[in-house]
Structure formats: C-alpha cells, structure tokens
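Presented below is the structure to which this report refers.
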Amino acid sequence: MMFAVFVFLCCAAVVAADNSELETNSETLEEIKLTLGNLMRKLNRLEKKVDSKLSKLEKKVEEKMSSLESTVNDATSRLEQKVDAAVLLGTTIKTRQQTLFSEVRLISQFKITGESVDYWADANNPVSSAAVVDGQYVFSETYLYMTHSYNKEIRVDLGGLFRVYRVRVWNVRNYRYDSKLADGNTKIYVGDAPYSEDDLIGEVTENKEIYDFTPDENDVWYGSRVTLRQEKYPIIVVEVQVWGNGPYDSNDKFN
C-alpha cells in the first residue's frame with residue numbers, strides 16, 4: 001500500500017513539473033509573439049516611410065526629367081531654327097552665285113597671252129600674241145603672224161578656272177597672205193597648263209573668216225587656258241575670243 005502511494009506521489013510530482021514547464025514555455029512563446037508583433041509593426045512603419053520617400057524621389061525624378069526634356073526640346077528647337085536659317089542662307093548665297101555666274105560674258109579680252117616663238121614673218125607688223133586679245137578684229141591690221149618654226153602655239157591665260165561656252169577664232173582678212181590655219185588642221189584646246197589631248201575641243205579644217213567652237217549638249221568645258229596649236233604651217237590670227245563664266249574653285253564647279 002505504501003508503495004502504491006509512493007508511485008502516485010512520484011507521478012504527481014512529474015505531472016506538476018511538466019505543467020510548470022509548459023507554463024514557462026507558454027510565457028516564452030507569448031513574449032516571442034509580442035516581440036515579433038513589435039518587429040512587424042516597426043517593419044510596417046519603416047516600409048511606409050520607405051514607400052513615402054521613394055514616392056517623393058520618383059516625383060522629383062519625374063519633375064527633373066520633365067524639366068530636362070523641356071530644356072532639350074527647347075535647345076533642339078533653337079538648334080533646328082539655326083540650322084534651317086544656315087541652310088536658307090547657304091541656299092540663298094548659292095542661288096545668288098549661280099545667278100551671278102549665269103551670265104556668259106567675254107572672258108578673254110586683254111588677258112595674259114603667250115606664244116611659242118617670237119619670229120614674225122611680217123617685218124612691217126611685228127606684233128606679239130597680245131594682239132589676239134586686244135579687241136580689234138574688224139578690218140584690223142593687228143594680227144599675229146607666226147612662222148619659221150614647227151609646233152607653234154598661241155596661249156590665252158584666262159586668269160582662273162572658267163566654264164567655257166564658246167571659243168571664236170577670227171581669221172585674217174588681209175589677202176596679202178594666204179591663211180594656213182586649215183592647213184595641217186590647227187587644233188584648239190581648252191584646259192589647264194599644260195594641256196592634254198583630252199582638252200581638245202576642235203580643229204580648223206577649212207578656210208573661212210570665223211571659226212566657232214561650242215560644247216555639245218551633254219559636254220562641259222572647264223579650263224584656265226585656251227591654246228591654238230599648229231604643227232607645220234604659219235599661224236595667222238586676228239583675234240581669239242572666249243565666252244564663259246567664273247572663276248570657280250577646282251573643287252566646287254557648281255554651275
């Protein structure tokens with residue numbers, strides 16, 4: 001009987017101890033729950049603060065972006081206006097230049113000339129190549145008569161790069177001399193110095209008073225010098241006239 005009572009008391013003590021431990025664990029859990037609740041409330045408050053600050057920051061960024069976009073648009077608009085004004089000015093200047101250069105005029109008179117020989121067959125008329133650009137070609141006695149040499153040349157330097165529309169050669173009309181321009185086919189060149197065969201614009205193949213040379217419809221002549229070349233026979237020339245416009249830059253032949 002005493003043993004049974006002892007066992008009962010032991011069991012009662014164990015149960016009491018378990019209940020005490022359970023109560024302690026329950027209190028601990030309550031404390032943990034309370035702590036977690038406090039932490040959650042703090043996290044919620046912190047999240048709200050972060051959201052508020054992010055919202056304000058996003059608003060500022062949007063305002064800055066809007067201001068920057070407006071500034072860029074204004075600057076772009078001003079730049080476009082300046083570009084348009086510059087293009088308009090450039091177009092106006094080019095149109096004026098093209099209008100100015102559209103005038104085809106005599107560009108050879110009183111220009112610098114040269115000749116390949118200085119021997120004159122007519123001792124009574126010892127003129128130089130300057131006679132071919134002196135503007136005297138109607139019943140004129142001032143004509144260039146070159147002989148005594150092969151490969152004779154008369155050169156007219158235009159003084160710049162010009163677009164040439166016409167070259168006119170006035171033959172001698174003083175019949176004391178027989179014109180030899182057609183003999184041996186006097187060749188006419190428009191180009192730079194020295195000329196090449198690509199600069200050949202025509203040849204004198206028959207005797208007449210005036211020889212006119214003009215480019216074909218799809219051909220354009222640019223040059224700074226006009227050259228007459230006769231390989232064998234004398235050259236007798238009253239006047240060389242060149243019509244064109246310019247001068248141009250060699251990298252800007254805009255007309």
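Restricting to the range 110-120, name every residue that is surrounded by 14 or more Cβ atoms within 10 Å (Cβ to Cβ) and modelled with pLDDT under 95. Break it down into steps so the answer makes sense when it comes.
In the first step, residues of the range 110-120 are kept if they are surrounded by 14 or more Cβ atoms within 10 Å (Cβ to Cβ); the result is 111, 113-117, 120.
Selection gives T113, G114, E115, S116, V117, W120.
Considering each residue of the range 213-237, count those that are open to solvent by less than 70 Å² (accessible area, probe 1.4 Å) and either modelled with pLDDT under 90 or part of a strand (DSSP E or B) (or both), and give that number.
15
The values are calculated or read from the model by the stated rules, or taken from the named source; none is laboratory data. Every value quoted in this text rests on a predicted model; they were computed, and no experiment measured them. With ideal geometry, Cβ positions are generated from the backbone for all residues, glycine too; neighbour counts draw on all protein chains shown. Remember, those area values only see protein heavy atoms, side chains included, never the ligands or the DNA or RNA. Shrake-Rupley method; radii C 1.70, N 1.55, O 1.52, S 1.80 Å.
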